[in-house]
Amino acid sequence: MTSEYHRDTVELNPLPPPGQRTIRPSLGSLRRIARNAVSILTSDVLNRATTFVMYALVARHLGPFQFGQLSLALTLFYTFQVLAVAGLKTLIVREVAKHREQTDRYLVNGSLVVIFFSFLALGLMALFVKLMGYAPETSTVILLLSLGLLPYSITAICEGVFQAWERMHFIAMANVPANIVKVGMVYLLLSQGYQVRHLVILILLTYVGIAVIEWTVMLRFITRPRLQVDLPFGAGMVRSTLTFLGIDVIIAVWASLTTLLLSRLATETEVGLFSAATQLMVPVALIFQSVVMSVFPIMCRRFEPSFTGLKQIAEQLVELLLIIALPTAVGIYFIADSALLLLYGDESFLEAVPVLRVVIWILVLRALTTALGQVLLASLRERITLRIVAVNTLISFVMGLLLIGRFGLMGAAVTVLLTGMVNFLQHYIPVSKLLSGISVGKLLWKPALAVSVMALYLFLAQDQGLWVNILGAALIYGTVLGGLIVWSNGGPRQLKARYSYLWSGAE
């Protein structure tokens, strides 16, 4: 194994003792983090939004069955794209963020590695589809989409470098135009009577376009690497990324298990209804992802023997994500039927209302585990993460077999929620020990109190109309939460001083 990967060679830059530390907020650092978060969010929102547009339009034009076909194909693509990327993206972000002079070696050799793994993933995808015995039309849709694994994996390597260099706006530069074109083409194709397989071809072409744009940006603004193949270095990358690959593969299997069990124990229609419910959580998941991706490089640099800086960032990240997750979960619980009908326009999707009112609470658990999971990765505890996701996958499989086989859609919803609870406990215990305790109750009480007032409003104003309820709830929650935050911190100045630590010393 090359020395770049050995933990003993990790350069630590401990912060001065708390009594000697001078906090100097950097406006430039704050702006960079905000810009990076917005860039990632913009890119991911457009990518997921166009997928969501396809979901909604397929539901309106073609019904739950083809909606389920598209959902199943994208679920399997997500699962196998993890193998195609080979876990290298996280490794590249962490290593290049600390050793930018190694950018060329990681970029060239990482690209060659993912090309090999992409072809491996394509073969395994074809074998899986054959073993599952899907209908010919469904199999065609899945296998056609699988061709996008190669351009997607190459894109992931580029984006890992962009993230490590904290140039996330380059990711948006590639994704924004490609996805804008995709939105227009989705509408055009479906309005002309085309089917799901034609949309899949459009997705495939979009992946190719994004890969071309990102490589062009890489050569223009980051580096023009010499095409020198270093087999020992590439082999070292593979060995070093085995843990990340194991984590990503198991997470992908875990995330897709419920859908796959539904496709086997039920039909594509049930898959469509379940996906209709879970898609409503996608916007918040995107916000979570954009925030933690922007903060992760800073967490890696703040890794220190005492973990003081890492703990402070982690607590503030948990609090921020809870502030977002709680009102979203409560709000969707109250407007579940109206939201499904508005988005999909077909009353048959109202069968997903009970499912949505169960799975929506996973957002609160995800807010906690998303932040705590980054702590484990930044502190080089990825083996703990591997164990966590392996246990989650096993529990999800066993619970899914028992509950989905007996209760169908509701069994799938309960499986997701119970596995999420186990996932949170597995994250909280090791991170709490590592950071000498994290008080979730202390971080939770302000958004919990504010969302309780919001919930009371929604309960009393259910007949006021969807948009009136949404705007009123947002106004009440923001007002109450803002007052609580300022009051609990002793005033605006104290509040600014407390949170300035997150933005200081980012370099």
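Debye-formula intensities of segment 25-503, expressed as log10 I(q)/I(0) at q = 0.08, 0.10, 0.11 Å⁻¹, are -0.49, -0.79, -0.97 (one equal scatterer per alpha-carbon, no solvent).
Only Lys, Arg, Asp and Glu carry charge here, each on its Cβ (+1 for the first two, -1 for the last two); on that basis segment 25-503 has a dipole of about 1460 debye about its Cα centre.
When Lys and Arg each count +1 and Asp and Glu each count -1, what net charge do the other residues less than 12 Å away from PHE67, Cβ to Cβ, add up to?
Values: positive: ARG60; negative: GLU268, GLU270, ASP346.
That sum, taken over residues with Cβ under 12 Å, equals -2.
Pairs over the 32 Å Cα-Cα cut-off, from the set LYS89/LYS433; LYS98/LYS311; LYS89/LYS446; LYS89/LYS130: LYS89/LYS446.
Only the coordinates and a few stated rules stand behind these numbers; no lab work does. Please read all numbers here as calculations on a predicted model, not as lab measurements. Quick reminder, even Gly has a Cβ in these numbers, built from the backbone with ideal geometry, and neighbours come from all protein chains shown.
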